[in-house]
Amino acid sequence: QVQLVESGGGLVQPGGSLSLSCAASRSIISIDAMGWYRQAPGKQRELVATMTRGGTTNYADSVKGRITISRDNAKNTVYLQMSSLKPEDTAVYYCYARGFQHNYWGQGTQVTVSS
């Protein structure tokens, strides 16, 4: 059963922009934090950004100033706005949600930054 669904991945040139979206199923209750992690080939999965239901954000140092996370709690949706993209941003991006005693993960969406 798919409970987190990402969309918006694709190919973008260096310096370009891209936005991702993740919709959480209403069957997931007691969600606090939502956000995004990413994993490049041969690398460990790493934090990109998270946001609590109340709006507190946490960004990886490598993306600060270039990436903005936002949420629409009424729609159970989290967004990631990316700009000034670099080739090192290339990765599979995974949506994340923290619920009661459980973490949820999406299936991932590919973001490729290349000229």
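Per residue, segment 48-94 exposes 47 Å² of solvent-accessible protein surface, assessed with a 1.4 angstrom probe and all protein chains in place. Contact order for the chain, expressed relative to its length and based on alpha carbon pairs under 8 Å spaced 6+ residues apart, stands at 37 percent. Could you please state how large a percent of the accessible area of the chain is carbon and sulfur, counting protein chains only and using a 1.4 Å probe? The value for the chain is 46 percent carbon and sulfur by accessible area.
A straight Cα-to-Cα reach below 19 Å connects LYS86 with the aspartates and glutamates GLU46, ASP61, residues fewer than 8 places away in its own chain not being considered. For the chain, the residue among SER25, GLN107, VAL63 whose Cα projects farthest onto the positive side of the dipole built from Cβ charges is SER25.
Which is farthest toward the positive dipole end of the chain among SER84, GLN3, ASN73, measuring Cα position about the Cα centre, with Cβ charges +1 (Lys, Arg) and -1 (Asp, Glu)? Among SER84, GLN3, ASN73, the one farthest towards the positive end of the dipole of the chain is ASN73. When the alpha carbon gyration tensor of segment 1-44 is reduced to an equivalent ellipsoid, its three semi-axes come out at 25, 14, 10 angstrom, largest first. Only protein heavy atoms count here; under a 1.4 Å probe, ASP61 has an accessible surface of about 130 Å². The reciprocal of the average 1/r between distinct C-alpha atoms defines the Kirkwood hydrodynamic radius, which for segment 72-115 equals 12.5 Å. The largest accessible area among GLU46, GLU6, GLU88 belongs to the first residue in GLU88, GLU46, GLU6, and the rest follow in falling order (1.4 Å probe, all chains).
Which residue, THR90, THR56, THR68, has the most motion in a Gaussian network model of the chain that connects Cα atoms within less than 10 Å? For the chain, modelled as a Gaussian network with Cα springs under 10 Å, the answer is THR56.
The values are calculated or read from the model by the stated rules, or taken from the named source; none is laboratory data. Please read all numbers here as calculations on a predicted model, not as lab measurements. For neighbour counting, all protein chains shown are included, and Cβ atoms are generated from backbone atoms with ideal geometry for every residue, glycine included. Remember, those area values only see protein heavy atoms, side chains included, never the ligands or the DNA or RNA. Shrake-Rupley method; radii C 1.70, N 1.55, O 1.52, S 1.80 Å.
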